[in-house]
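Inspection log for the structure reproduced underneath, given as structure tokens.
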Amino acid sequence: MENVTNREKVIVRTSVIGIICNFILVAFKATVGILANSISIILDAVNNFSDAFSSVLTIIGTKLANKKPDDKHPYGYGRIEYITSVTIALIILVAAVTSGIESVQKIINPGETDHSIAGAIVIGAAILIKLCLGLFVKGQGKKVDSQSLVASGTDAFMDAILSAATLVAVIISLVWHINIEGYLGVVISIFIAKAGVEILAEGLGSLIGTKADIEITDKIKALIKTHAGVKGAYDVILHSYGPNKIIGSVHVEVEDDMTAREMHALTHEIVQDVYDQMEIILTVGFYASNTSDPVSLEMQNKINEIIKDYPDVFQMHGFFKGDDYATFDLVIKFKADIEKIKGEVASKMHDLYPNYEFIISVDSKYTD
């Protein structure tokens with residue numbers, strides 16, 4: 001709970017700093033833009049305002065996400081952070097569309113601009129502020145695993161680039177008296193839209209569900225394999241209910257003569273070890289390995305030879321031989337013709353061992 005509280009403090013503090021910086025930039029840029037009749041500077045100010053509002057949403061989302069679980073939502077409210085990220089993305093996209101419309105109107109009716117050296121200095125200072133803010137916010141976001149902060153930091157870098165483009169337009173106007181405001185506004189709108197789409201895709205991806213980080217699953221397997229009696233760890237499935245809550249399951253391979261009492265003790269050790277070291281809640285299932293049986297070993301070797309002809313099959317595991325049947329799992333790509341592969345592998349094994357029925361379960365590859 002202490003880690004959750006510290007994480008919330010970091011996110012809120014970082015967001016408040018972002019709000020203050022962006023409102024300062026809004027005030028200066030809006031003043032300069034209105035006095036100079038510069039659409040690109042005004043749009044830059046609008047973009048900074050949307051950034052400040054996004055930081056407000058980040059704070060609200062973080063506070064709501066840290067609500068304790070209840071009867072209606074036993075997994076907690078952590079996914080609200082992903083909803084916040086999606087909302088921020090939609091705000092950015094609305095700003096992009098609005099900016100694009102204003103810019104096109106400026107191209108049709110360019111009007112006169114009245115830039116000054118003072119205005120150029122203000123924009124130059126804004127670039128430096130945004131670069132520093134981007135480094136700080138993105139760094140804090142990675143530190144506490146906050147999608148919203150990382151998105152805000154990335155957006156700040158984008159703002160610095162856009163402000164640099166605005167500065168170029170101001171310099172061109174001051175030196176050569178050429179007005180490229182409208183065209184530059186269109187370019188800025190496209191960049192804003194691109195950032196919005198990327199943030200939206202990441203937020204929706206987290207809500208829908210994405211592959212678990214292979215570094216996390218590999219670490220889980222490595223931890224499990226350190227326990228006495230474990231011959232292998234398979235089928236790691238993880239569900240994220242927010243950055244601080246992951247619940248999952250795993251299958252552990254043990255010898256078939258292990259007693260229920262021994263399996264119970266092993267389950268407790270594994271669950272506690274993974275939670276203590278990774279704060280992940282695991283449910284453990286078991287595969288019984290009868291490797292002492294020579295026929296069983298022979299069958300496993302034959303299956304591994306057969307699946308070499310199927311590039312869509314990643315792995316075979318969980319093999320168990322009964323008196324007149326054998327069961328095993330195949331890990332197959334999502335895009336593959338699963339039923340065809342199952343049928344062919346079972347048929348080939350039956351040809352080799354006609355007195356046995358081969359029952360195949362299909363596992364999906366949930367990590368890279």
Exercise. Of ILE281, ILE303, ILE270, which residue is touching a His at 6+ places or on another chain (Cβ under 9 Å) and aliphatic (A, V, I, L, M)?
Worked result: ILE270
For this session: Using the structure shown, decide if ILE172 is over 30 Å from the mean Cα position of the chain (by Cα) and not in a helix (DSSP H, G or I).
Result: no
Problem set entry | Matching option when the condition is crowded, with 18+ Cβ neighbours inside 10 Å, part of a helix (DSSP H, G or I) and among the β-branched types (Val, Ile, Thr), among VAL16, VAL94, VAL26 | VAL26
Problem set entry | Hey, LYS219 among the charged types (D, E, K, R), closer than 15 Å to GLU279 by Cβ and over 15 Å from the mean Cα position of the chain (by Cα) or not | yes
For this session: Would you kindly identify the strands (runs of 3 or more DSSP E) lying entirely within the stretch 279-340 that contain at least 3 residues that are of a type in the set (Phe, Trp, Tyr) and in contact (Cβ under 8 Å) with a residue 24 or more places away in the chain?
Result: 313-321
For this session: Filter the stretch 48-64 down to residues that are open to solvent by less than 60 Å² (accessible area, probe 1.4 Å) and in contact with a Ser or Thr (Cβ under 8 Å, 6 or more places away or on another chain), then give me how many there are.
Result: 9
Seminar exercise, completed: Note on the stretch 213-254: residues part of a strand (DSSP E or B) and open to solvent by 20 Å² or more (accessible area, probe 1.4 Å) are TYR234, ASP235, ILE237, LEU238, HIS239, SER240, ILE246, ILE247, SER249, HIS251, GLU253
Problem set entry | Enumeration of residues in the stretch 290-315 that are under 37 Å from the mean Cα position of the chain (by Cα) and closer than 30 Å to THR259 by Cβ | ILE303, ASN304, GLN315
Problem set entry | Residue identified as surrounded by fewer than 17 Cβ atoms within 10 Å (Cβ to Cβ) and either assigned to a helix (DSSP H, G or I) or at pLDDT below 75 (or both) among GLN105, GLN140 | GLN105
Problem set entry | Pair list, Cβ under 7 Å, 6 or more apart: the stretch 23-43 residue touching a residue at least 24 places away in the same chain (Cβ under 8 Å), other residue open to solvent by 30 Å² or more (accessible area, probe 1.4 Å) and aromatic (Phe, Trp, Tyr) | VAL26/PHE49
Exercise. Are there any pairs with C-beta distances below 6 angstrom linking a residue in the stretch 149-163 that is open to solvent by 10 Å² or more (accessible area, probe 1.4 Å) to a residue that is charged (D, E, K, R) and part of a helix (DSSP H, G or I), with the two at least 6 apart or on different chains, and if so which?
Worked result: VAL150/LYS138
Seminar exercise, completed: Scanning the stretch 174-190 residue by residue, those in contact (Cβ under 8 Å) with a residue 40 or more places away in the chain and either open to solvent by 80 Å² or more (accessible area, probe 1.4 Å) or at positive phi (or both) turn out to be TYR183, ILE190
Exercise. Restricting the stretch 343-368 to residues that are among the charged types (D, E, K, R) and under 38 Å from the mean Cα position of the chain (by Cα), which is least open to solvent (accessible area, probe 1.4 Å)?
Worked result: ASP363
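The values are calculated or read from the model by the stated rules, or taken from the named source; none is laboratory data. None of the values given here were measured: they were computed from a predicted structure. Neighbour counts are summed over all protein chains in view; Cβ atoms, including those assigned to glycine, are modelled from backbone coordinates with ideal geometry. For the accessible areas, the whole protein counts, side chains as well, though only heavy atoms, and no ligand, DNA or RNA atoms are used. Shrake-Rupley method; radii C 1.70, N 1.55, O 1.52, S 1.80 Å.
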